[in-house]
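Structure, as structure tokens:
Any read-out appearing in this document is the output of simple, stated calculations on the displayed coordinates, not a laboratory observation. Bear in mind that the values here come from a model prediction, so they are computed numbers and not experimental data. Note that each Cβ is placed from the backbone with ideal geometry, even for glycine, and that neighbours are counted across all protein chains shown.
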């Protein structure tokens, strides 16, 4: 059975969702929670079976789809994708369990969420470009529904903007993929969309540049990178809590994940070439959106813009192109997933009670809802990247990694730790400190059991992986080393050879030092 | 011995977690007692370790587990007890124990009694991590941890706007410096391949001076934040919004000295870059006089002491910058004792005066608060550096260092500052305890603090008096670790002249302060006297207008720029462009949909248009092909082809 665990992980939620249509509305929540829990347990089994010492793909499955064009159903995972899949399963479970009691069309919502789960796991497990693309685009549909059907007053505008914007980007990416397959055909005489086949291709630099740009557009809109980010505040602003949680925790990571899966190993020379411009974009993301976040009046928008700012750090780490930076950026994807997911859940908590998200409506909440304030405080500190919280590990490594490439850019980007503290602390102060001024806030109930059920595990993970990141960091590190090694080997230009460290040589040198010491 | 290391380190963590269990509940006296006992346990373990090290024991080094490992980076949770860290551990745990016991009384009536102890113990834990770590990353954990606890404790009374504002200010300003610190860490890692102290320091001599200089500068920027050096100093005075025991522990004795500790810990680096050291010393001397000048006219008891702390930190940096690390560390220790004592005394006064902070509204308190008066007076004597109290030995050593190293400007500045220190300290003592009982105007009935609070303060009192006697022991302890040397002035006559001269100057300033402020006819200033109208007074009273400058030229522009970025750039430019593209597509469709409305005559008309267009294109192509040669010739004549 475990041979096909990945396919089970992908399609079990979808099958369960189809069956969900016939479940009675009264039982749908229990059904949804049960399915999501099984899925989550399966993802943990996956982790258990995963061999952290192997750097390559594991649990590979292949099934021919269109053999004449080299399109196959190929799935497999490594340390880079493993934890995002677990995170997706975890958040789907939490999300379904904590759906507000008064959700309209609860059944449709749960079915939609289960479909969404299929697409999420599919994207991170797919190793064939076409399969990847299919899941990538399919993930838009459930999200479109979630925002469009359960969203706020501007939901139609927000959902269509979300859909069209990201869709437009992905089409360009598709053209890039088709060209890659065509190029593969030119070189080998065979069509192939398999990523592992593509990895073996060495492309001329001029091709790399154009293909990099084509993929970049698709990924950058998804991340979202400045200046393609404006769909995100609308999507978050209108989406129901569950939508925002999944969007921030998982869907945004598709973009950054794809950079590491596609852009870096396929186009190492172009990655080096575009490193500085992308770093500049990342810096703009970090500082500019942090300032925009500071100007917000709606606490959910603060978290939404803060997401963009943090994604900037992830991009920076990715384009450090060394093991430290890329490992850090992947770890930060997990960290940011946990923390921003938790923050959106927390915002949802107060929205459920007061039906407003304006910070001016609150104040003094620490008096009324001390537990809520405590968990918000933990997540706040994780968000500003305090050591011993999950975000610090990723942030630290990302900056550390990029420092090897550029001193001055890292120095400027490092202001993330300042501007991040400014908007987060001022938002916290506005909502939680001071005196309770509004009558409606005087008797707000503190966190309920269900809410604690979601938030306490998140808090524990936040601190656990901050103190002891090794179980996650080690598998990531091993897979990243393989990626960097591949990039170094494939690099053509001397500059790229220089900028992408030679992991193998370093390892041999280290071993020599150890031997000498002994 | 490792056992004691773990006890010293983790007892405060246990203490914090224990207190945290009760944060949601009303005051529980046992929380205060248990936490105090646990911190005391930590103190006892530290003492055992100190004795062990004093007896010549090898430094204890343990590695708990891996924290981060990726690529070439390896960071463990490693802790070390050596000559330097054990001194810091003693200072931290001793003052913490005193402050914990004292807080049982001070926070007696506070509804968040339990929460206070949770934060306070968490602070002690972070501080222990900071001083005991064996690598820069571990130091940074403690560094940020104390920042967090400082945030929580400055803003402890979170219903007050001023308190939460000050808490955020402190956090953010420290973060600015932390960025510098992080860059320093990155520089160390990429140049030495490790963040472990011993390994990194061993490789430093092989690096070029430019790299070392930058590393030193960035690390020092980190130190400037925590130790509130100019221009990142404004948060310290505002941090006085926190409960007074917090000011004593965090903002006088321990956290603010973390920057000094960093410079001392990284001395192998700063030894290699004396020019950066000289800058540190000069900045230290500048801050010493700069802060002292602001303390001269301030009318807030706690802020005066805070400026005094700032000024003394300047002294420490002056010593450390000149390479006299042991002198800096010694002053750090002595200062911790008398300054914490001074703050706790101020806490007693605040309690008695119902949180009044203006010393002009006090006066004559020595009758009702005899012990507090004695303690604060002795602490002030120690601060002023009067023989034979602790401050005399430590401060004198700094002055001698500057003199021996031929930095006479620094020496003069520090000497002059010593006079200012004496003046403002005794201005405060005179205003609070002597003269007319002005508080009666406000209907306050002061009372002495609880006995056990006074007893708790007594160890500090004793140490403030006798710490100087340990100078020699201390020197021997750190001699090897810090390459300590005695700074001896060769001519004995000069030594005597200097010592007696300094003492005479200081005592003269004390007497002058008494004369001026212990008088019966002190009036509460109302802003009308000619002194208060003078430019200098206004300048000093408004802290050189630096907070005003920051508010007007940094905070407000940042806010305005944020608004502009959001409302103008993000919504009006970036997003509007996206929507604009969408609108163009949409309106093109809307405008051209008439072509396909299904009306036969419309369709025929468009068919004709299409036909004509296609014909025209065909003709154009035909002509081009026919005359292609001529066209080429013509175009090349124009220089196009």
Label zone at residue B:504 (point 7 Å along Cα-to-Cβ), backbone N below 18 Å, segment B:362-405: B:386-387
Within segment B:265-304, backbone nitrogen closer than 17 Å to the virtual label 7 Å beyond the Cα of residue B:202 toward Cβ: B:268-269
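Just from its helices, what would the mean residue ellipticity at 222 nm be for chain A, if runs of 4 or more DSSP H residues each count -39500 (n - 2.57) and the sum is divided by every residue, rounded to the nearest 500 deg cm²/dmol?
Numbers: 24 runs with 373 residues, N = 518.
Value at 222 nm, helices only, nearest 500: -23500 deg cm²/dmol.
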Added length on full extension, which subtracts the Cα-Cα distance from 0.36 nm per residue, residue B:549 to residue B:65: 169.6 nm
Relative counts (whole %) of C-alpha pair distances in segment B:357-432, using bins that are 10 Å wide: 19, 40, 25, 13, 3
Label-point separation, residue A:26 to residue A:284 (7 Å along Cα→Cβ), nm: 5.7
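Quote to one decimal, in nm, the extra length available between residue A:207 and residue A:511 on full extension: 0.36 nm per residue of separation minus the C-alpha distance between them. Present the calculation step by step, with values, prior to reporting the outcome.
Working: separation 304, 0.36 × 304 = 109.44 nm, distance 3.77 nm.
The residue A:207-residue A:511 span can extend by a further 105.7 nm.
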Chain B: relative contact order as a whole-number percent, Cα under 8 Å and 6+ apart: 11
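Sort chain B into rounded, prolate or oblate with this rule: let a ≥ b ≥ c be the square roots of the eigenvalues of the Cα gyration tensor; rounded if a/c is under 1.5, and if a/c is not under 1.5, prolate when a/b is larger than b/c, oblate otherwise. Show your work: numbers first, answer last.
Working: a/c = 2.18, a/b = 1.88, b/c = 1.16.
Note, shape of chain B comes out prolate.
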Convex hull of Cα atoms in the protein assembly as shown, direction-averaged projection (nm²): 56.9
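Compare the peptides B:613-622, A:83-92 by average per-residue count of other Cβ atoms within 10 angstrom and give them in order, highest first. Can you show the working numbers first?
Working: B:613-622: 10.0, A:83-92: 25.6.
Listed from highest to lowest mean packing, they are A:83-92, B:613-622.
Per-residue mean of other chain beta-carbon atoms within 10 angstrom of the beta-carbon, peptide A:377-386? Working shown, then result.
On the way: counts 3, 0, 0, 0, 4, 0, 0, 5, 3, 5.
Mean partner-chain Cβ count within 10 Å for A:377-386: 2.
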Rounded tilt (10° steps) of A:390-403 against the dominant C-alpha axis of chain A: 40
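What's the ranking of B:583-592, B:516-525, B:251-260 by average number of surrounding C-beta atoms within 10 Å, highest first? Can you show the working numbers first?
Values: B:583-592: 10.1, B:516-525: 13.8, B:251-260: 28.2.
Descending packing order for the listed peptides: B:251-260, B:516-525, B:583-592.
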Segment A:266-395: radius of gyration and largest Cα-Cα distance (Dmax), Å: 16.7, 56
Mean residue ellipticity (222 nm) of chain B, computed from DSSP H runs ≥ 4 via -39,500 (n - 2.57), nearest 500: -23000 deg cm²/dmol
Degrees between helix A:268-295 axis and first principal axis of chain A (Cα, 0 to 90, nearest 10): 10
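Rank by packing, highest mean first: peptides B:70-79, B:156-165, with packing defined as the count of other Cβ atoms within 10 Å averaged across residues. Before the final figure, lay out each step's value.
Working: B:70-79: 21.3, B:156-165: 18.1.
Highest to lowest by the protection proxy: B:70-79, B:156-165.
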Contact order relative to length of segment A:297-468, as percent, for alpha carbon pairs under 8 angstrom and 6 or more apart: 35
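Please give the average number of partner chain Cβ atoms lying within 10 Å of the Cβ of each residue in B:174-182, rounded to a whole number. Intermediate values should be presented prior to the final figure.
Working: counts 2, 10, 4, 1, 5, 10, 2, 0, 9.
Average neighbour count from other chains, rounded to a whole number: 5.
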Estimated FRET transfer efficiency (residue B:516, residue B:442; beta-carbon r; R0 35 Å; 0.05): 0.95
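List the relative contact order of chain A as a percent without decimals, with contacts defined as Cα pairs under 8 Å and 6+ residues apart.
Values: 871 pairs, mean separation 80.7, N = 518.
With pairs under 8 Å counted, the relative contact order is 16 percent.
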Per-pair calculated FRET efficiency, R0 = 45 Å: residue A:68 and residue A:47 via Cβ, rounded to 0.05: 0.75
Set of segment A:276-295 residues, backbone N closer than 18 Å to the point 7 Å along the Cα-Cβ line of residue B:568: A:288-295
Helix axis angle, B:390-404 relative to chain B longest principal axis, alpha carbon, degrees: 60
Share of alpha-carbon pairs per 5 Å distance bin for segment B:262-402, given as whole %: 2, 10, 18, 20, 17, 12, 9, 6, 3, 2, 0, 0
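With the convex hull built on the Cα atoms of segment A:277-322, state its orientation-averaged projected area in nm².
Numbers: hull surface 11.1 nm².
One quarter of the hull surface, i.e. the mean projection, equals 2.8 nm².
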FRET efficiency estimate (nearest 0.05) - Cβ-Cβ, residue B:582 to residue B:462, R0 51 angstrom: 0.10
Potential lengthening between residue B:528 and residue B:638 on full extension [0.36 nm per residue; Cα-Cα distance subtracted]: 31.0 nm
Diffusion constant of segment A:297-468 at 25 °C, which comes from Stokes-Einstein with the Kirkwood Cα-pair radius and 0.890 mPa s, µm²/s: 149
